[in-house]
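The values are calculated or read from the model by the stated rules, or taken from the named source; none is laboratory data. Please read all numbers here as calculations on a predicted model, not as lab measurements. Heads up, the Cβs are rebuilt from the backbone with ideal geometry, glycines too, and the neighbour counts pull from every protein chain shown.
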Amino acid sequence: MFRYSNWLDRLYMVLGTLAAIIHGAGLPLMMLVFGDMTDSFAAAGNLGNITFSNTTNASKCCLWY
């Protein structure tokens, strides 16, 4: 595959591979953010009242998104 390629073809292959890795890492990272956000909302609902610390934690998770 690389026998007849020049430097530009190899550069495109490296850039494409890096872009695919970055694109593929997006979903697992968003699952971590959404998991933390869901946990913070569930913890606020279990207390019965909403305090400033609970809303701050939920806001922090929302800002990650």
Only one of 17, 38 is out of contact with any helix residue (DSSP H, G or I) (no Cβ under 6 Å at 6 or more places or on another chain), modelled with pLDDT under 90 and assigned to a helix (DSSP H, G or I), namely 38
Under the condition of being of a type in the set (Gly, Ala, Ser) and at pLDDT below 65, which residue from the stretch 41-58 is surrounded by the fewest Cβ atoms within 10 Å (Cβ to Cβ)?
48
Looking only at the stretch 18-38, how many residues end up being without any contact (Cβ under 8 Å) to a residue 12 or more places away in the chain and not small (Gly, Ala, Ser)?
10
